[in-house]
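The next block holds one structure in the form of structure tokens; read it before the comments.
Laboratory data are not the source of any read-out in this text; all were calculated from the coordinates shown. Bear in mind that the values here come from a model prediction, so they are computed numbers and not experimental data. Please note: Cβ atoms are built from the backbone with ideal geometry, for glycine as well, and neighbour counts cover all protein chains shown.
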Amino acid sequence: MSAALRTFDLVKSFGGITATDHVDFTLAKGARHALIGPNGAGKTTFVNQLTGVLKPSSGRIELMGEEITTLPRAARVKRGLARTFQINQLFATMTPLEMIALVTAERLGRGSHPFRALDRDAELVDQTAEILNRFRLDDIMDRRIATLPYGKQRQIEIAAAFAARPSVLLLDEPAAGVPEAERRELMRTVAELPDDVSVLLIEHDMDLVFRFATRITVLVNGRVLAEGTPEEMARDPAVRAAYLGEDAHV
Amino acid sequence: MLTILFDGIAYGMVLFVLGCGLSVTMGLMNFVNLAHGAFAMLGGYVAVQAMQRLGVPFLASLPLAFLAAALVGVVLERLIYRPMYGKSHLDQVMFSIGLVFMAVAGTDWLMGSTQQFMHLPPWLQGRFEVAGIGIGRYRLFVIAICGLLAVSLQWGFTRTRFGSRLRAAVDDARVARGLGIPVNRLFALTFALGCGLAGLGGALGIELMGLDPSFPLKFMIYFLIVVTVGGTSSITGPFFAAMLLGVADVIGKYLVPEIGAFIIYALMVVLLITRPHGLFARVRA
Amino acid sequence: MRAETFESRVRQALHAGRRWHPAEIAFWCLAFAAFLLFPSQLLLLNEIAILALFALSLDLILGYAGIVSLGHAAFLGTGAYAAGLFAKHVGGDPLAGLAAGMAAAGLLGLVTSPLVLRGTDLTRLMITLGVALILYELANSLGWLTGGADGLQGVVMGPVLGLFDFDIFGRTAYLYSLCVLFTLFLVARRVVHSPFGLSLRAIRDNPLRASASGVPNARRLAAAYTIAATYAGAAGALLAQTTQFVSLDVLDFHRSADLMLVLIIGGAGYLYGGLIGAIAFKLLQDAIATFTPQYWMFWIGLFLVLFVLGGREIIHGGVKAVAGRLAGIGRGAAR
């Protein structure tokens, strides 16, 4: 098993609080891996270090075998690490078309080109169209993102991250706040992500976790409490006590 | 040299009184009021006019300056400032620059563009020497008054109920509201106090900084330096910033007069780049 | 087959953003026709064209990249002094002087761009203001170079392209300024519809997401700031060349503040805001100057206050209505 993403002895402390406590974590290539844990377990802090929003206090992060611990955010994206956000971070004044075109342009290295027209770039057009199609955004591609329903916006979050053609995709609570009616389509989107993308899902919703993940890591108080298959985790007494026990709906 | 230092301290003291009101409004309502200098100018003109036209003695003209500026502050806060609180910094800046322009042109129209002078009573004129340091009587007077004000403001800010509520509101207005602190009324009061202090500073500063209709524009940057460098969460921050600014400006203009205010602006830019949250700001996570 | 048609739909949708609207064509036709329509107002028209270029520059960073600035006069002044000094000491060719002004201002923009990359809007406002004040003080104290408070005298311009001499009626001046404005506008239009322009909008909308999408925010903002500075430098150069004089006034704070008002009037982020705002601003100034020449500052202050307090929406509603009607006429004519 080769790793897509690994952390070595990762530590992040804020003042006296250790939010990430010596975490060694491995995301296998092509994995469908979920990171779960109660509120305040340090999941988001962990993700923020992976993507470069926060600097780790100590430890190392490797993406496809290369160290990325201190790389700036945009450079990590270029190397194949993309993410979605727990709270929508979209370009409110743009259309889905523009947003996907932007990500695609950056990936193709066109972003610093000040004179080339977007529509004259066949590669850009084709790949933008492909993403819009894949995520079923074709019929709303011309509407301002801010005016779209919430479920669609979550869909765009994932589409925009995917448009960067990542080898590792971090989904930070993709289903958070999505109304029941739009939930199924979102789950379908997550399930349809191609196999060669390694996915790390950070999620509260156990339904989604157990349906999607083949491997689960449980984070509690910034520490890895347990890791294993969903069945193992569901049976693990420590996990049940620390986490699953609180959530009666499992 | 020490004489210059002394002048610088007096100058810094006046800057502190002028600027501290602004720092509290900025901290409390997150409102950028570039028109703060207009209130200072108002105070200055009121003092001069009261002395010249009504024969009010110098010492009585100072509280008058305070009152007039505070009163106008209260009225304007109610009428036009309040709708601006929720708007962007850019809007607030544009709005208050508009007010500055109106104040400058309006004063020019009413009062003419000539420099105003303060006729000091004889006991404040001239200077005396202590251990070879030339000490201007008026500057000493200014330092005494402003020093007293600074101490009482610090006391009021840290020791009184008003002060503790104010600090709570500066820290987090929403939480303060939740605790039942009347943030709006608190702000109106503070705004008035800040404007009054500006008015007083304007009157005190005529002798040191001059007074003409362009005053709010000329010194706008100085107030802003006091606030941005000193931070908005204390009285001591702006105080030290004002002293630093006053001394640096006076020394700079004395040593290298040809480059004028250049030093000050450069200092501000450097400070803003290296310490974007103010020289004395607490580090927030 | 469906994918094929969808791709062409995507292409068309991407093309729609940069398609020329009939109202735009009408606008530029009018701008050039103004030369013939108002032969006695060419000096005013020249001022409008220069202010419009200056406003276009601010729109590029404010409207597209979201960088606020209270010191845009720094670049106008740098361009003006550079072009003036070039004419005085190197040669009177207008286009070479224009290039010198743009290069000098662009260089200043590049050097100062790291200052505006970080921090909040407030620190940006203060820093840009500070930089402009520093330049003002510099120009004031370097009297041997700039003429100090007396202004830069002895700027003599040669004919444009070696053919068209500047005249006292502003004929050459207006056409020259308008051509420069139009050319730079075309470039700006191209830029904002490019991948680069799209990435600026992304940063403006959401810097966090922009960097998560692979946009190197700092580098892009620095580039945008430099381009805008170059544009402002061009405006300054035009000002120096068409008036054959440079005074400290080009660096004055009121220049930056006026410019904000221009953009507030016209609206930011669609390129025409600065142009429309410049026309409205200058006409207003001209109208007010005829009855109260002294207190223009009061009126400008009043407008600022009223605009921010709520007049903006009303004005923009009006502008949109007029633009819509113009577009209707344009379409009718096209048919």
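Structure values in brief
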| read-out | value |
| --- | --- |
| Rounded tilt (10° steps) of B:236-255 against the dominant C-alpha axis of chain B | 30 |
| Separation of the C:PHE182 and C:PHE35 label points, Cα + 7 Å toward Cβ, nm | 0.7 |
| Angle in degrees between helix A:96-107 and the longest Cα principal axis of chain A, rounded to the nearest 10 | 80 |
| Among the listed pairs B:LYS87/C:LYS282; B:LYS218/B:LYS253; A:LYS12/A:LYS43, those beyond 21 Å (Cα-Cα) | B:LYS87/C:LYS282 |
| Environment charge of B:PHE141, counting only residues whose C-beta is closer than 14 Å and scoring Lys/Arg +1, Asp/Glu -1 | +1 |
| Two-site FRET efficiency, B:GLN115 against B:LEU54, from Cβ-Cβ distance with R₀ of 22 Å, rounded to 0.05 | 0.60 |
| Percentage relative contact order, chain C, counting C-alpha pairs under 8 Å, at least six apart | 32 |
| Pairwise centroid distance, computed over Cα atoms, of region A:51-90 with region A:147-197, Å | 19 |
| Per DSSP, loop chymotrypsin sites (Phe, Trp or Tyr not before Pro) in region C:1-86 with at most 12 further Cβ within 10 Å | C:TRP20 |
| Gained length - B:TRP155 relative to B:LEU71, 0.36 nm times residue gap less alpha-carbon distance | 27.9 nm |
| Charge context of A:LYS78, other residues only, Cβ under 11 angstrom, K/R +1, D/E -1 | +4 |
| Within the protein assembly as shown: Cβ-based charge dipole about Cα centre, in debye rounded to nearest 20 (Lys, Arg +1; Asp, Glu -1) | 820 |
| Between 0 and 90°, nearest 10: helix A:122-134 axis offset from chain A longest Cα axis | 50 |
| Pair C:PHE164, A:THR214: separation of 7 Å Cα→Cβ label points (nm) | 7.1 |
| Average beta carbon contacts from partner chains per residue of C:116-124, 10 Å cutoff | 4 |
| Cβ-derived FRET efficiency at R0 30 Å, C:LEU284 paired with A:TYR150, nearest 0.05 | 0.10 |
| Test item: B:12-20 mean partner chain Cβ contacts at 10 Å | 0 |
| Inter-site label distance for B:LEU148 and C:LEU107 at 7 Å from Cα along Cβ, in nm | 5.6 |
| Global form of region C:23-334, assessed from the alpha-carbon gyration tensor, a/c cut-off 1.5 | rounded |
| Rounded if a/c under 1.5, otherwise prolate or oblate - the protein assembly as shown, Cα gyration tensor axes | oblate |
| Kyte-Doolittle mean at least -1.0, axial Cα span of 27 Å or more - DSSP H helices of chain C | C:94-117, C:121-141, C:171-192, C:217-243, C:272-291, C:312-334 |
